[in-house]
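First up is the structure itself, then whatever we jot down about it.
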Amino acid sequence: MPRRTLPLLLLLLVPPLAAAPYFGNGVHNGYADQTSVVLWTRLTKTPGGKTDGRRFLEPVEQRSELDQKANPAEIWAAQVPPGLTLEDMEGACPGMRGEVRLTYHPRTRPDARIATPWTAVDVDRNFTRQWRLSDLAPGTAYVVELEARSAPGDAVSDRLTGAFQTAPHAEEARALTFCVVSCHDYPRRDAPGGHRIYPAMAALKPDFYVHTGDIEYYDRPGPYALTEELMRFKWDRLYALPLQRDFWNQVTSYFMKDDHDVLTNDASSDKRYGTVSWERGLQLFEEQTPGTAVPYKTIRWGRDLQIWLTEGRYFRSRNTDPDGPDKSLFGAEQKAWLFRTLLASDATFKVVICANPIVGPDRANKRDNLANSNWSHEGNEIRAFLNRMENVTIITGDRHWQYVSQPPGTRLWEFSVGSGSDQHAGGWQPDDVRPEHRFLRVKGGFLSGHVARSEGKAVLRFDLRDVDGAVVHTESFSR
Ligand SMILES: [Fe+2]
């Protein structure tokens, strides 16, 4: 056969991709443990977000009136310029109906691939689809392959390769790196393609990553997401950001929720935002992130590390309820689970990850977390419990500044990871250093944790980092 006909023949054998749908929002994974994981994806009309779109109007003065009146037509007219649709707006990544197929296998064993059947995305859930994979091998890196098509029999329109890994079992002493972030949104990104913390974290090759919540901010302008349609627009736009998308496609992730990505500032069950109820806010979060039936979980990551992902919104009493034994932020069941599983664990280091602070200090006028005076009863109860344990550290999101807190005379340690960009930072005076502060920095960045063994000792090191990954403060624990 003449050599130059070979590429032509290959072209005929590999069918070209059809036009759409695409995986413009990538693939996310969540809740990985030793043997299971949840995968999430969404089909889109375009390969990515619209970079040359129009800007929303920002009716800053009308914001509370639009919220109170909850009139969809007024909410739209105040924010979308006349004659435009959401698909015209900057960052838009509209959904599209179609079918997806998931194939996965351990990275080193392509022969063990498992293909799931083609299945339609759910048009009532923003064109998303989730899978719960079980019977996975512990401590194993997996490859995920996704294919899209518009209907049965149609050509494949897009392909995506992703990755995750399962947690190693409790007997395996494995060196690990993990990253924890909080609080960042599309408008306050610090690069055109997303947030710089994402390539900075990827450079550390983390075994896993935790987002402590405030993944987006419904109650910030551009637009105020006072309807479900606008809420979904914000998720679609954020998930299309290339820096975020490349990271989430490849890294084992845990997505927690907080107030701004459920509804609005300091939200609990008595709140509504525009036309959206508290219940719908929770349901949209579950639609947009890999979910499980119980929204709190502990995962053993080998011999030396166990993490607790706590749920700070779902079960909480109202901020305005009288303080006392009946007021709970975690709810009685979750709190009992937290205490029971912490006591039962023989992991070398136990890391409790929370959306909101337990130790603080927080601003005196705040009323939303266990470090605030209106939550003293449960705050004291949980702090007293943790103070009796020797190898527990707390990591918190929510606060837009970085700190390490270690109240003198206690065993309590709390690390605040800070906001995901410098322009998102604030809320504390940089010179307001309290006795419990071992470190304070009112800037953005993230936290990395590193577990390793050396000379017969296990070491857990925490590095608070700036948005480009440079270490700004380190604390080490060894046992
Ligand atoms: Fe926040």
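The values are calculated or read from the model by the stated rules, or taken from the named source; none is laboratory data. Please read all numbers here as calculations on a predicted model, not as lab measurements. Neighbour counts run over all protein chains shown; Cβ positions are idealised from the backbone, glycine included. Areas reflect the complete protein model, heavy atoms only, side chains present, ligands, DNA and RNA absent. Shrake-Rupley method; radii C 1.70, N 1.55, O 1.52, S 1.80 Å.
The table below gives the values:
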quantity	calculated
3J(HN,Hα) from dihedral phi, region 306-318, Karplus parametrisation 6.51/-1.76/1.60, rounded to Hz, x for glycine, proline	9, 10, 10, 9, 9, 10, x, 10, 4, 9, 6, 5, 7
Reduced Cα scattering model of region 264-395, Debye log10 I(q)/I(0), q = 0.10, 0.17, 0.21 Å⁻¹	-0.35, -0.98, -1.34
Selection from G379, L329, I353, by position along the positive dipole direction of region 320-407 (Cβ)	I353
Spatial separation of Cα centroids for region 146-220 and region 411-479, in angstrom	21 Å
Debye log10 I(q)/I(0) for region 337-420, one point scatterer per Cα, at q = 0.10, 0.15, 0.23 Å⁻¹	-0.23, -0.52, -1.19
Potential extension, V472-A163 segment - 0.36 nm per residue separation minus Cα distance	108.2 nm
Mean accessible surface per residue for region 52-137, computed with a 1.4 Å probe while every protein chain stays in place, in Å²	58 Å²
Binned Cα-Cα distance frequencies in region 382-479 - 10 Å width, integer %	16, 44, 32, 8, 0
Antiparallel %, DSSP beta bridges [both residues in region 372-479], to 5	90 percent
Accessible area in the full protein assembly, largest first, 1.4 Å probe, for L464, L343	L343, L464
5 angstrom amide H check on T128, placed H, neighbours 5+ away	D122
Table column - 3J(HN,Hα) (Hz), region 260-272, Karplus curve with 6.51, -1.76, 1.60, x for Gly and Pro	6, 9, 9, 7, 6, 3, 6, 5, 9, 5, 8, 9, 9
Cubic angstrom per residue, convex hull over Cα atoms of the chain	171 Å³
Residues R453 and E58, FRET efficiency given R0 of 60 Å [Cβ-Cβ distance, rounded to 0.05]	0.70
For the chain, calculated [θ]222 nm from helices alone, where every DSSP H run of n ≥ 4 adds -39500 (n - 2.57)	-5000 deg cm²/dmol
Net length gained if the chain between D323 and V123 were fully extended (0.36 nm per residue, minus Cα distance)	67.7 nm
Shape metrics for region 225-275, restricted to C-alpha atoms - Rg then Dmax, Å	13.3, 38
Burial ranking of peptide ranges 387-399, 244-256, 178-190 (average Cβ count within 10 Å, highest at the top)	178-190, 244-256, 387-399
Full-extension gain in nm, T85 to S134, via 0.36 nm per residue minus C-alpha separation	13.5 nm
Sequence ranges 348-361, 65-78, 407-420, 160-173, ranked by mean other-Cβ count within 10 angstrom, highest first	348-361, 407-420, 160-173, 65-78
Percentage, to the nearest whole number, of Cα pairs in region 313-379 over 13 Å apart	66 percent
Cα centroid of region 93-124 to Cα centroid of region 15-46, whole Å	7 Å
Given K234/K327; K350/K457; K69/K271; K335/K457, the pairs whose alpha carbons are separated by over 23 Å	K234/K327; K335/K457
Quotient of Cα Rg and 2.2 N^0.38 Å for region 80-228, N being how many residues it contains	1.30
Portion, in percent, of the accessible area of the chain that falls on carbon or sulfur, probe 1.4 Å	51 percent
